[in-house]
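Let me begin by presenting the structure, written as structure tokens, before commenting on it.
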Amino acid sequence: PFGWRGRGPAAAWGLSSWRGVGIPRHTVPYRPVFDPILVVFSAWGLIRLIVAALGPPPPPYKPLPDFLRPGSDLRFSPRLPPLSKLASLLVLIWIPVMLLPTILAEDSPHFLRAVGVLPVAFIVPAVGLETLAQWLAVRGRRVLSYGLGFAMLIVGGAWRVRVSRHYAIDPATA
């Protein structure tokens, strides 16, 4: 009964995660904005933003002074620093508002109609990545977080090359 109105939100979300735009002159056809690894971190970042925006205000984060911190043998795991409630709300409101033009269009998704979401869209997976880095750092595994970051750069770069190697020479993009 809703026709294209029901498909619009799903297509707009799919623009970033599973199926991009099919117009070759705007982007690589049917390639989502995020690669599969960033989709996972995007979901993690979205959950953290929703919890920060809708949850109770966190108590002030005050790390313990060095002389009060327990040793590594006591399995002490401090909390992650809280996210700003106002900043989280801004991101969570900005994304759906800027996706409205492509959601309400009949030929959704459309990359140019969704371009207003791009300044904020990469904050969501960045929050997920930062959460993982902080989680590893407070557990004394900072080197592992650097290694994961480097591995993500290599895998993400390889994904981009694999997906877009024929884009520049495609006659449809000229």
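Here are the numbers for the structure shown:
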{"read-out": "Meets criteria (of a type outside the set (Phe, Trp, Tyr), out of contact with any Ser or Thr (no Cβ under 9 Å at 6 or more places or on another chain), in a helix (DSSP H, G or I) and touching a residue at least 60 places away in the same chain (Cβ under 8 Å)) for residue 152", "value": "yes"}
{"read-out": "Qualifying positions in region 141-174 - small (Gly, Ala, Ser) and either surrounded by 13 or more Cβ atoms within 10 Å (Cβ to Cβ) or touching a Leu at 6+ places or on another chain (Cβ under 9 Å) (or both)", "value": "145, 149, 156, 164"}
{"read-out": "Residues that are free of Cβ contacts under 8 Å to residues at least 60 places away in the same chain and either touching a Gly at 6+ places or on another chain (Cβ under 7 Å) or not basic (Lys, Arg) (or both), drawn from region 155-174", "value": "157, 158, 161, 166, 168, 169, 171, 174"}
{"read-out": "Meets criteria (surrounded by 11 or more Cβ atoms within 10 Å (Cβ to Cβ), in contact with an Asp or Glu (Cβ under 6 Å, 6 or more places away or on another chain) and modelled with pLDDT under 70) for residue 13", "value": "no"}
{"read-out": "Residue selected from region 122-174 under the condition more than 30 Å from residue 90 (Cα to Cα) and of a type in the set (S, T, N, Q), by the criterion modelled with the highest pLDDT", "value": "164"}
{"read-out": "Where residue 133 falls short, out of the listed (1) more than 12 Å from the chain's Cα centre (by Cα); (2) within 16 Å of residue 47 (Cβ to Cβ); (3) not hydroxyl-bearing (Ser, Thr, Tyr)", "value": "(2)"}
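The values are calculated or read from the model by the stated rules, or taken from the named source; none is laboratory data. The model shown is predicted, which means the values in this text are computed figures rather than measured ones. Virtual Cβ from ideal backbone geometry, glycine too; neighbours counted across all protein chains shown.
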